[in-house]
Each structure stands twice: as structure tokens, then as C-alpha cells.
Amino acid sequence: MSKPVVAIVGRPNVGKSTLFNALAGEMISIVKDTPGVTRDRIYADVTWLDKSFTMIDTGGIEPESGDIILSQMREQAQIAIDTADVIVFITDVQQGLVDSDAKVADMLRRSKKPVVLVVNKVDSLQKYMMDVYEFYNLGIGEPIAISAANRTGLGDMLDEVVKEFPEDADTEEEDDIPKIAVVGKPNVGKSSLINHLLGEDRVIVSDIAGTTRDAVDARVKWQGRDYIFIDTAGLRRKGKVKEEIERYSVIRTVTAVERAHVVVIVIDATEGVTEQDAKIAGIAHERGKGVIIAVNKWDAIEKDDKTIYKHTNRIREVLAYMPYAELVFISAKTGQRINRLFETIDAVIENQTLRIQTGVLNEILSEAIAMQQPPSDRGKRLKIYYMTQVGVRPPTFVIFVNDRELMHFSYTRYLENKIRDAFGFRGTSLKFIIRQRG
Ligand code: GDP
Ligand code: GDP
């Protein structure tokens, strides 16, 4: 269900960003209408043959001196070991093999994670091939020669990467258990929430096959049913630089969200919703996950009869791109409305996998069209023939039209609202694919 994570590690200037951009191409996972989502290419969705994966560039800011380079590379490598299924270790044939490469290679080898060794800047095979062999000395397998700048060798590299993907990391049984990622800024109460859920019988499942992630999985029973909570709070990395800490927390959030069915975004009621919350929420939104906003520390707020509306309005305003998100006001400290949180999780999971029959869907469609005419441009009017649901998680619909160009964003939004009026789909985004039919 969840996509494998591939992390790129390597010294400054070996060509990590160049490679990243070459692979990400236009497939960059930033949804254009999600404000607040970082434009930084920290991660991207990549598809190679029939396999898709999430790629992460662990390289952060460029350090100045040699010492710092090595310690930062160690840091990067550790992030990769913690979060990735496959690590792409990239080196530079023109700089040759250097000491820090060897040290990082040792670290990667000890981690037992699959590593694909890549030698970049092999712009001419004739000129550099002998130098490439030198990289066998790293002892982490056969070096693959590429030129990120010329986009050569990338296919061979991707073949090796996808070969290393876990067969089926999740067993059938585990896949049936809802997975819920608990994400949010520091100090909003993520650990408190997880601890409250776990209560007395703390069961940590950190040894799920194929996962050595730094997020800790906690199995919780509620009313006889099992849930796996993916905790992103537990382990905190002490980076020296603010940018590094932020990068790391984005990487951690992305990988946790990727594995989850539903994402609980915890925000602090005493602080109100912030831009940083919006950034984190954007990650769940663009990946099509179920979304619940848990407004925590509700016990610590002075309330009157308008408080809840004020908070709701403010959250809806800041997170305007995800009007479908469910809101629950909780207290991890007192346990207030934790039951409601579970009920909401159940409902969202159901909505994420809801399937609407084509007949019913097209009734809604023709009603909607009758109520508001599709747009036209230069005398040509959009015709919508037919609509069908092709997928779940998130619910995905194909709309067949006469001319894709005429399908205006706002009309898709209008149809989405009609579908939501009829079926709810609370807590989940909906995906629309527009197909042209002659
Ligand atoms: P990063 O610091 O590892 O992200 O490295 P960058 O992607 O920023 O690349 C560092 C420099 O190497 C840039 O000047 C790139 O243009 C250059 N570069 C990247 N890939 C290649 C390549 O395949 N061949 C050559 N000759 N230069 C490259
Ligand atoms: P995390 O960094 O998101 O994991 O946040 P923590 O769980 O460590 O909580 C940060 C601080 O907020 C701690 O001092 C908690 O005691 C406090 N806190 C967490 N949840 C609540 C709550 O529901 N009500 C109140 N009043 N304080 C809370």
C-alpha cells in the first residue's frame, strides 16, 4: 500500500540536486494550489516502469569546512538509514574517491540497508570508466556510472533501485489494521496523545517486517479493534542548524504520512493554527490521505459559547485548501473526546474506501449539469459524457469530456461539491482525472 522511500546521500557538489531534479522532472509532488507547502525539493514522487516511490534528498545546506562535511554526511546517512527502504549513495568521478566517502560507505554497510552506489559526472565513459572501477573499493557493491547533467545511466540506476524494493513489506493482516500517523509541530502534544492512547498496556511494534523507521509504531486497541499509530514525536534529532532540523522533520513527516491511511495533524489550541501547521497539513493533503485536525490542549482554553466557532473558522481559513478535513477538539491530558477521535478515524477510513456505483454517480452528474451549465470558450461548450469511480484511498473519479481544455478548475470543484453533498466523503480528498473522448 505505501510507496517505498528512496533517500539520496552524498557529499556536497557531487550532483545530488541535479540528479534529484532529473528524476523528479515535472512529477514533483508539490500540489500547485497548496499554499504554505515548501517549494524546496526535499522530496518528490518518481515512477520508473510500473513502480512508484518517494524520493528524498537528504542533502541540506552546504557546509564550509571538511570536518563539518563529514559530520553532516553522517547525519544525512543516519536520516537515510532511519527512514529509507533503499539508499542511493552518490559519489563524483571527477573529484575521485575521498576519505569521507569511505567513512560514510562503512556506516551504510553496517546498517544493512540496501545501498545503490552511484558514480556521477561520468560525462564520457571512455574518459572516466577506469576511474569508476576505483569505487569498488568502497565495498558496497558495483558502482553505477551516470551523468546526472546529461541524464545518462539513469535507467540502469533506477533498475537497481527498484530491484531492492521490499517484496511486500506489509503482511495482509497488518494492512488490514488502520495506520494512523500522528504529526505536528514540536510541543503540540503528539507524545502526550500517543501515551494517553497507549495507557497502561503500552505495546510498541517497532519490528514490523521491512520497516526500520525512526517513527515508532504503537498498536492500540479501542472497542475491540486494533489500530497502529505511527508516532513521529518520540525520536528527536539534535541538529545544530535550524534548516537541518526542519529538513529532518519534513522528511520524517513525509515518510510517516506515506505509510499511513489517516493522518492526525495535532495543533495547539492555546497557540492557534499557524503557517507551520499548514505546511505539515499540506504534506497529507498532497498525498491524498485521510485528514483529521486534532485541536489539542482544549482543556487549557478559556471558553465561551463562541470559542469553538472562532477556532473552527480560523482553521478553515488557514487550511482553506482542505475543507474536507475533519476537526476534533481534544485534550491529550484529560482524555477529553478521545473516543470521538477514534470514531472520526473509523469514519474517515470508511470514506477513504467508499465506492459509489456508476449509475448513482451519473444521476448526480446530470443533476449538477442541469443546475449549472458547463463552461464554454470561444463558442465551444464543455460536454461531460460520463463519470465513473476508478479507485479508493483517495476516492478517484474519471470524468469523460469532449475537450479537456474546457474543463475549468472551478467546474471540477463544483462537481466535487455536488458529490460531497450527496455522499459526504468527510476527511478525505477526492481525485479527479479528466479524459477526453473524441
Ligand atoms: P549537490 O551539492 O550534491 O546537490 O550538487 P549539485 O547538484 O548542486 O551539483 C554540483 C555541481 O556539479 C553543479 O555545478 C552541477 O552542474 C555539477 N554536476 C552535476 N551533475 C553533473 C554531471 O553529471 N556532470 C558534470 N560535469 N557536472 C555535474
Ligand atoms: P510533542 O512535542 O508534540 O510530542 O508534545 P508533548 O506531548 O511533549 O507535549 C508538549 C507539552 O504540552 C507538554 O508540557 C505537555 O504536558 C503539554 N500538553 C500536551 N497535551 C496537553 C493537553 O491536552 N493539555 C494541556 N494543558 N497540556 C498538554
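Worth a mention:
- Angle in degrees between helix 275-286 and the longest Cα principal axis of the chain, rounded to the nearest 10: 90 degrees
- Entry note, the chain: relative contact order of 12 percent, from Cα contacts under 8 Å with a spacing of 6+ residues.
- For segment 321-419, the Kirkwood radius over C-alpha pairs fed into Stokes-Einstein at 37 °C and 0.692 mPa s yields D = 206 µm² per second.
- Within segment 82-175: Cβ-based charge dipole about Cα centre, in debye rounded to nearest 20 (Lys, Arg +1; Asp, Glu -1): 800 debye
- Here's how it looks for residue 144: its modeled amide H is under 5 Å from those of 117, 118, 119, which are all 5 or more places away or on a different chain.
- For residue 58, nonlocal amide neighbours, meaning residues 5 or more places apart or on other chains whose placed amide H falls under 5 Å from its own, are 8.
- The chain: projected area of the alpha-carbon convex hull, averaged over directions, in nm²: 24.9 nm²
- Of the trypsin sites (Lys or Arg not before Pro) found in segment 356-436, those that fall in a DSSP loop while having at most 12 other beta-carbon atoms within 10 Å are 378.
- Segment residue 312..residue 392, full-extension length gain: 26.0 nm, with 0.36 nm per residue of separation and the alpha-carbon distance subtracted.
- On the basis of the beta-carbon distance and an R0 of 35 Å, residue 409 and residue 305 show a calculated FRET efficiency of 0.40.
- Mean separation of Cα contacts under 8 Å (6+ apart) over length of segment 301-406, as relative contact order %: 18 percent
- Principal-axis tilt of helix 242-259 within the chain, Cα atoms, nearest 10 degrees: 60 degrees
- Helix 409-423 vs. the chain, principal-axis angle (Cα, 0 to 90°, nearest 10): 60 degrees
- Residues of segment 402-438 with amide N under 19 Å of the 7 Å Cα→Cβ point at residue 381: 402-412, 414-415, 437-438
- In sequence order, calculated HN-Hα J values of segment 152-166 (Karplus, 6.51, -1.76, 1.60; Hz; x Gly/Pro): 10, x, 5, x, 4, 4, 5, 4, 5, 5, 6, 4, 8, 5, x
- Within the chain, percent of DSSP bridges classed antiparallel, to nearest 5: 35 percent
- Dipole of the chain computed with +1 at Lys/Arg Cβ and -1 at Asp/Glu Cβ about the Cα centre; of 143, 188, 117, farthest Cα towards the positive end is 188.
- Label positions at residue 167 and residue 276, each projected 7 Å from the Cα along the C-beta direction, are separated by 4.3 nm.
Read-outs throughout are calculated quantities, based only on the coordinates presented, and are distinct from any laboratory measurement. A quick note: this is a predicted structure, and the numbers were derived from the prediction, not measured. Quick reminder, even Gly has a Cβ in these numbers, built from the backbone with ideal geometry, and neighbours come from all protein chains shown.
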